[in-house]
Amino acid sequence: MTDITADAAPWYRSLTSGQWRMLIAANLGWLFDGYETYALILTVGAAMHGLLDPSQYSQIPGYAGTVISITLLGWGIGGVCGGVLADYIGRKRTMIYAILAYSLLTGLTALSFNWISFALLRFAVGIAIGSEWATGSSMMAELWPQGARGKGAGLMQCGLGIGFFLASFIWLFVSGFGPDAWRFMFVIGILPALLTLWIRTSIDESEVWQEVDAKRRAARARKDTGATLTANEQALTRFTVADLFVDPTTRRHTIIVFLMSLTTTLAWWGISSWVPPYIASVAAKAGQPAAQWASYAGMAYNFGAILGYASLGFLADRFGRKPVVMIFFALAFVMTPVLFLWTQDLTLLLVAAAVNAFFTLGQYSWMPVWLPELFPTRSRATGLAFTFNAPRFIAFLGPLYAGFLITQFGGFSHAAMTIACIYALGFVCTPFLPETNGKPLPA
């Protein structure tokens, strides 16, 4: 794999067709993940109206928060399991299984007959969605040259924002189909299954993983014969989740990035997932159509997110991982009162939502940019999956807590500011990670 140097051709000309195909596959996989996720955020209110008794309508924020939290919990479980699978059965195969599963389960969500069936299906969708990210991120890091690794990760992460934007755009038209319009959004979610056919024939398995897998099999065979294993062979035969906590350096990295990931995840699910309904509520008070403004808000927010995803990757390659991530944490905090407290004009709210998203959603790119550079190949996908998804076992309480705070405070603004304090945790933790910009991946 050829690295990119300062006097070589532009980074994008130095990539092979296989590397570009990998980016497209990972981006599309994450795009459809984004569609499935944001379709829920946009439609959960309408779905609850259709699935609950009218006497329960006043409790819809609580039910909506519960469904989103259950989805997030499933995402955490599936994400950790998917990362382990990717380390043992391969990146490509795990990606295909994950995309097939969340496509079919999303389609089945359209058949929900009460809020419990809806929540259970969303839990299953969350398990499948969680399995895909670590696989794509690992493959991107292992296939792309180190000089462009951050850029590739940022461009891959853009898929989430594009998926969110696509869901908002489609909902703008589908929302007018009547009380069951939300069901059509989930029927459309079956389409990603077609992507697996292309991945199966066009994407190569990671050679880096294949080499380590061969060494793992050989080490296991030696262990079965009773041979004395070297330290490296012992590490290869160790269960990948346990491997994250045996080596002191890896254990330290795992704990720090867990806290940083918790910051990003809890803040987004506890604050930013409420942006469309918040702007819709402001529009309703102004006598404007709430559903239409919710779609506008989703599109503005995710336009800013797409720019943020890509920008973090490019900036991290230019200035380093550490300073860029700290800036994104700090400005995500600053933009919270700008959006939820200080702006009431609807047009300006859309602008504030876009800028807010640049930092709050855009900061997610630090994970595919930085995490693969902190874990060895033998447990890379597990490390990525654990640190990206395990925080959801805590962050799934965010929507529940936010729903409670919204009820207690009588609105979104004070609830958002309370949860935004979590950004301090990510900012403080970041300096304790090593700067890995321009360095090769751990073997």
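Please count how many residues of the stretch 252-271 are at pLDDT below 85 and either surrounded by fewer than 24 Cβ atoms within 10 Å (Cβ to Cβ) or not in a helix (DSSP H, G or I) (or both).
2
Can you name the residue in the stretch 322-335 that is surrounded by 23 or more Cβ atoms within 10 Å (Cβ to Cβ) and not aliphatic (A, V, I, L, M) and, of all such residues, is farthest from G362 (Cα to Cα)?
By that ranking, first place goes to F329.
Picking from Y97, Y102, which residue would you name as being within 25 Å of F375 (Cβ to Cβ) and open to solvent by 10 Å² or more (accessible area, probe 1.4 Å)?
Y97
Do you know which residues across the stretch 359-378 are in a helix (DSSP H, G or I) and not aromatic (F, W, Y)?
Selection gives T360, G362, Q363, S365, M367, P368, V369, L371, P372, E373, T377, R378.
Determine if the stretch 51-64 includes at least one residue that is open to solvent by 50 Å² or more (accessible area, probe 1.4 Å), on the phi < 0 side of the Ramachandran plot and acidic (D, E).
yes
Looking only at the stretch 287-318, how many residues end up being open to solvent by 40 Å² or more (accessible area, probe 1.4 Å) and among the charged types (D, E, K, R)?
Within the stretch 287-318, residues that are open to solvent by 40 Å² or more (accessible area, probe 1.4 Å) and among the charged types (D, E, K, R) number 1.
Would you mind finding the one in I116, I89 that is surrounded by fewer than 20 Cβ atoms within 10 Å (Cβ to Cβ), of a type outside the set (K, R) and either farther than 23 Å from W182 by Cβ or touching a Gly at 6+ places or on another chain (Cβ under 6 Å) (or both)?
Being surrounded by fewer than 20 Cβ atoms within 10 Å (Cβ to Cβ), of a type outside the set (K, R) and either farther than 23 Å from W182 by Cβ or touching a Gly at 6+ places or on another chain (Cβ under 6 Å) (or both) holds for just one of I116, I89, which is I89.
Among (1) in contact (Cβ under 8 Å) with a residue 60 or more places away in the chain; (2) touching a helix residue (DSSP H, G or I) at 6+ places or on another chain (Cβ under 7 Å); (3) surrounded by fewer than 24 Cβ atoms within 10 Å (Cβ to Cβ), which single condition is V174 missing?
Condition (1) is where V174 drops out.
Counting only residues that are among the β-branched types (V, I, T) and under 21 Å from the mean Cα position of the chain (by Cα), how many does the stretch 161-194 have?
4
Output the qualifying pairs, or none if there are none: Cβ atoms under 8 angstrom, residues six or more apart or on different chains, first residue in the stretch 352-377 and closer than 17 Å to V275 by Cα and without any contact (Cβ under 8 Å) to a residue 40 or more places away in the chain, second residue open to solvent by 10 Å² or more (accessible area, probe 1.4 Å) and of a type in the set (V, I, T).
Listed by first residue and then by second, the contacts come to A352/V338; A352/T343.
Scan A134, A193, A153 and give me the residue that is in contact with a Gly (Cβ under 9 Å, 6 or more places away or on another chain) and at pLDDT 90 or above.
Result of the check over A134, A193, A153: A153.
May I ask you to list pairs of residues, at least six apart or on different chains, whose Cβ atoms are under 7 Å apart, with the first in the stretch 297-324 being more than 17 Å from P368 (Cβ to Cβ) and in a helix (DSSP H, G or I) and the second being hydroxyl-bearing (S, T, Y) and open to solvent by less than 10 Å² (accessible area, probe 1.4 Å)?
Taking only residues 6 or more apart or on different chains, the pairs are G298/Y38; G298/S168; M299/S168; N302/S168.
Which condition number in (1) part of a helix (DSSP H, G or I); (2) farther than 28 Å from W11 by Cα is the one that P179 fails?
(1)
If I ask for residues that are among the small types (G, A, S) and crowded, with 24+ Cβ neighbours inside 10 Å, which ones from the stretch 129-150 would you list?
G130, S131, A134, G136, S137, S138, A141, G150
List the number of the failed condition for L361; all other conditions in (1) crowded, with 24+ Cβ neighbours inside 10 Å; (2) modelled with pLDDT of 90 or more hold.
Here L361 clears every test but (2).
Filter the stretch 340-353 for residues that are crowded, with 19+ Cβ neighbours inside 10 Å and at pLDDT 85 or above and give the result.
The answer is L349, L350, A352, A353.
The values are calculated or read from the model by the stated rules, or taken from the named source; none is laboratory data. Just so we're clear, the structure is a prediction, and the values are computed from it rather than from any experiment. Glycine gets a Cβ as well: all are built from the backbone with ideal geometry, and neighbour counts include every protein chain shown. Surface areas here come from the heavy atoms of the whole protein model, side chains and all, with no ligands, DNA or RNA. Shrake-Rupley method; radii C 1.70, N 1.55, O 1.52, S 1.80 Å.
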